[in-house]
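What follows draws every value from the coordinates through simple rules; no lab data is involved. Because the structure is predicted, anything quoted here is derived from the model rather than measured. Neighbour counts are summed over all protein chains in view; Cβ atoms, including those assigned to glycine, are modelled from backbone coordinates with ideal geometry.
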Amino acid sequence: MTILPIYICTDKVLRQKAADCAKPYSQYKALAENMIQTMYKAPGVGLAAPQIGVSLKLVVYDAGNGPVVLINPEILSSSEQTAAYEEGCLSVPDITAEIIRPASVKFKAFDLDGYKYEKEVTGMEARVVQHELDHLSGILFIDRLQPKDKPAIEKLLKKAGMKVAVQKTR
Ligand code: NI
């Protein structure tokens, strides 16, 4: 088991679009296991491969029901209903902000054995999945700040030497 170094948002890898994982997906078992251990140690509820410097579409999370690994995940649909939730990120240390996102999403992904599945998630799990999938597109939660929070958070980011949020949309 290896605890991996976590990259922060000043690193380019956090702003890149991640590449697809290649078959067989079982080749990522050790990487996923190390990511899960790194996530628990941090501690965090989710970790995307770009956060450990690997630009691949691989995510691990634990929204309270044990560890889940997502290979090449993709959001299929999002609810119109939204929810507000205080988010943080291991790659944006010491900063949290209330972010508004769809309350539930349906996504597809593969597991490490190569099985494709679809799942509809809501609540905390929907929040984590959306946050982690954003990482695969080079998007951070600080790109999704509510206008009322932007000035204060940008000030904090600047103070911490972190790049000021770039406005991006999916
Ligand atoms: Ni994050």
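For segment 139-163, the set of residues classified as within 12 Å of the ligand (Cβ to nearest atom) and either outside any loop (DSSP other than H, G, I, E, B) or farther than 20 Å from Ala84 by Cβ (or both) consists of Phe141, Ile142, Asp143, Arg144, listed by residue number.
Of all the listed residues (Glu87, Glu74, Glu80), the sole one being within 13 Å of the ligand (Cβ to nearest atom) and either over 16 Å from the mean Cα position of the chain (by Cα) or not hydrophobic (A, V, I, L, M, F, W, C) (or both) is Glu87. Screening Pro102 against (1) under 30 Å from Gly66 (Cβ atoms); (2) within 15 Å of the ligand (Cβ to nearest atom) leaves a single unmet condition, (2). All of Asp111, Asp20, Asp62 fail the test of being more than 18 Å from Leu140 (Cα to Cα), surrounded by 17 or more Cβ atoms within 10 Å (Cβ to Cβ) and among the charged types (D, E, K, R), apart from Asp62. Count of segment 37-62 residues, restricted to those that are near the ligand (Cβ under 10 Å from one of its atoms), outside any strand (DSSP E or B) and more than 15 Å from Gln16 (Cα to Cα), is 2. If only residues of segment 68-89 that are touching a residue at least 40 places away in the same chain (Cβ under 8 Å), of a type in the set (A, V, I, L, M) and closer than 17 Å to Met124 by Cα are counted, the one that is surrounded by the most Cβ atoms within 10 Å (Cβ to Cβ) is Leu70. The C-beta contact set for segment 131-150 (first residue aliphatic (A, V, I, L, M), second residue away from the ligand (no atom under 12 Å from the Cβ) and part of a loop (DSSP other than H, G, I, E, B), distance under 8 angstrom, 6+ apart or interchain) comprises Leu136/Lys17; Leu136/Ala18; Leu136/Lys57; Ile139/Lys168; Ile139/Arg170; Leu140/Ala165; Ile142/Ala165; Leu145/Ala165.
Quick grid of which residues meet (1) out of contact with any Leu (no Cβ under 8 Å at 6 or more places or on another chain); (2) farther than 26 Å from Ala42 by Cα; (3) part of a loop (DSSP other than H, G, I, E, B):
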residue	(1), (2), (3)
Gly64	yes, no, yes
Glu98	yes, no, no
Arg101	yes, no, no
Lys108	no, yes, no
Glu120	yes, yes, no
